[in-house]
Amino acid sequence: MILVIIVGLLFLGYRFSENQQEAVALQAESLESAITPVALTQAKLSEPTDTITLPGNIVGWNEAPIYARVTGYVKEWHTDYGHDVKKGEVLAEITTPDLDAEYRQAVADLESERAKNALADLTAKRYVAMRQNQALSEQAISVQIAEAKAQAAKVAAAEQKVKNIAAFIGFKQITAPFDGVVIQRNISVGDLVSKEGNLNTPNAKNNLFTVAVVDKLRLFVSVPESFGAFLSPGLTADVTVPQFPNRHFTFKFLTVSKGFDVSTRTAVAVFTIDNEDRVLWPGSYATVRLTAPVERGVMTIPTSAMVFQEHGTQVAVVGEDDRLHFKPIAVAKIFDNYIEVTDGISESDRIVNNPSAALLEGDKVRIVEPAVGYDVLHPGAPVEKKQTAKVL
């Protein structure tokens, strides 16, 4: 009995001690769980470059809208959209009944003036021949000679009028100004056209065709004033177009306007690219990314580290005592996954990534290792495997 009593007392003492240890451990775990766990990130200095993304417009190396110079009806057109043409090739023909009648009238007037000139010249010669016999006064002879010269001048004027109308008759054929591709055809057989535009819509000057050189293209971009200093030979533009969203094209800097538009404070910059495969089309909208070297990089942090409060944009920073403090920052640019900060943080700051809205200034926090995930600042870098912390 004594032995049983001793064993029972020892067992009760062991259980009491074990319960005490479990209580202390549970209390410590509860106190630790009451502290909000946070994952940290750090500001990183970006590469010493400045990047800007702008809209652009791609056009042919040469583009020529072709208008009618005479009034008439479209007789026929020979080239359609996408047709390769050579310089001087006939694109369309126009019938001009009014102009043809005017030309015939001018030719008839010329013949009439020539007949009058022949008569005046013959009369002047007869008057001069009778000068020796003093059959006519010198005044009459001088007048007749002057009339012959005046009639000769009328013949020259009539001849020039015929040449002018003949020159306009040459515009009955619409020809290509250079080797290229027809990118617009705005006429059909029977349309009434004139040098004032399409007479079916008299308030608009519609070009009949547009011919463009597409083997080499230009890119026009309106660049802000702050980026103007970087526009110089050697600069390239990384370009994407909607029809090829995953393909990047490199355009080379050609020239810049060297003057800012006072209404937009932008300067027109021109880039160029060889397009021998004709994969790019004139008129394409372009997303243009320009990158230029600067004196030093800027601080970058993940977008998820931003905190928006009534005091402005801030970040939550953990101090040496593991207490939380909010610091205001100056944001320069906001990208999809990160932001550029010009003031308010340093590389040594321990910044809370994705802070909870329940965190307050001065709160005690517990730092945990973040779960393996996606590095927003370096998406191509491999991620180390770390122990996943359970956030309570």
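Structural remarks
- Tilt relative to the chain, helix 138-169 - C-alpha long axis, 0 to 90 degrees, to 10: 40 degrees
- Gap separating the Cα centres of segment 296-333 and segment 115-186, nearest whole Å: 88 Å
- Under the criterion of Cα pairs below 8 Å and six or more residues apart, the relative contact order for the chain equals 24 percent.
- Using the Cα coordinates of segment 217-306, the gyration tensor eigenvalues translate into equivalent-ellipsoid semi-axes of 24, 20, 13 Å, sorted from longest to shortest.
- Largest first, the residues Lys149, Lys195 sort by 1.4 Å accessible area into Lys149, Lys195.
- Relative to the globular-protein estimate of 2.2 N^0.38 Å, the Cα radius of gyration of segment 317-366 stands at 1.23.
- Protein accessible area in the chain, 1.4 Å probe - carbon and sulfur %: 55 percent
- Cross-link reach is defined here as a Cα-Cα straight distance under 16 Å, omitting same-chain residues fewer than 8 places apart; for Lys87 the aspartates and glutamates meeting it are Glu63, Asp179, Asp215.
- Taking 0.36 nm per residue of separation and subtracting the current Cα-Cα distance, fully stretching the chain between Ala330 and Thr303 would add 8.4 nm.
- When the P(r) of segment 36-84 is calculated, the portion above 12 Å amounts to 86% of the C-alpha pairs.
- Within the chain, all pairs of alpha-carbon atoms sorted by distance into 20 Å bins from zero give the percentages 17, 26, 21, 17, 10, 6, 2, 1, 0, 0.
- For Lys364, a cut-off of 18 angstrom between C-alpha atoms picks up these aspartates and glutamates, skipping any fewer than 8 places away in its own chain: Glu29, Glu32, Glu320, Asp321, Asp322, Asp349.
- Cα-based Rg and Dmax for segment 63-219, where Dmax is the largest Cα-Cα distance (Å): 24.9, 84
- Summing charges over neighbours of Pro224, with a neighbour being any other residue whose Cβ is under 12 Å away from its Cβ, gives -2 when K and R count +1 and D and E count -1.
- The chain, accessible area per residue, ligands and nucleic acids excluded (1.4 Å, Å²): 62 Å²
- From the largest down, segment 224-371 spans 64, 36, 27 angstrom on the principal axes of its Cα atoms.
- Rough spin-label spacing in nm, given labels placed 7 Å along Cα→Cβ, for Arg265 and Thr123: 7.9 nm
The values are calculated or read from the model by the stated rules, or taken from the named source; none is laboratory data. All figures in this text were calculated on a predicted structure; none of them were measured in a lab. Quick reminder, even Gly has a Cβ in these numbers, built from the backbone with ideal geometry, and neighbours come from all protein chains shown. The area values use the complete protein model at the heavy-atom level, side chains included, leaving out ligands, DNA and RNA. Shrake-Rupley method; radii C 1.70, N 1.55, O 1.52, S 1.80 Å.
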